[in-house]
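The values are calculated or read from the model by the stated rules, or taken from the named source; none is laboratory data. Please read all numbers here as calculations on a predicted model, not as lab measurements. Here the Cβ positions follow ideal geometry from the backbone for every residue, glycine too, while neighbour counts run over all protein chains shown.
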Amino acid sequence: MTTTAPTTDGRVIALAHYAARALLEGVLIRHGATFEQSVTLRAVAVAGGSVDRDRLVADVIGSLKADESAVRAVIDGLTAAGLLERDPAGPPGCASATPDGSCTTPPPPRPPRSPPGCTRASRPRTSRWRDAS
């Protein structure tokens, strides 16, 4: 007897996406974070710990399909909460953060692909950003 594999279509993929998102948002809520904040912090971490603020905005807009002003508000909120901060070792507009909101060590060198004015994130640090100015 042979069995036929179930068909995977757009509906099944969408259901899996929404189920996973609901689980993630439940975890984020317990930690006082939003989905938008998690996407923003992840974008900084994926960038190798250093990303230009304007590039960060563009990356998050691309991920969330959100307004630029909303994304900048999320970045400002993360900065106010101490999860993002100006990078004291970087060029003007650069920011960094540790879990407690302070920068205890200078950041490692930025990857060559990162332009001046970057945001930085690495473990155990949270995230860093820099204005392009």
message: I'd like the full set of residues that are outside any helix (DSSP H, G or I) and farther than 15 Å from Leu78 by Cα, limited to the range 18-34.
response: none
task: Go through the range 45-84 residue by residue and tally those that are at pLDDT below 90, assigned to a loop (DSSP other than H, G, I, E, B) and within 17 Å of Thr34 (Cβ to Cβ).
output: 3
- line: Of the residues in the range 38-60, those that are over 25 Å from Gly26 (Cβ atoms) and surrounded by fewer than 16 Cβ atoms within 10 Å (Cβ to Cβ) come to Ala58
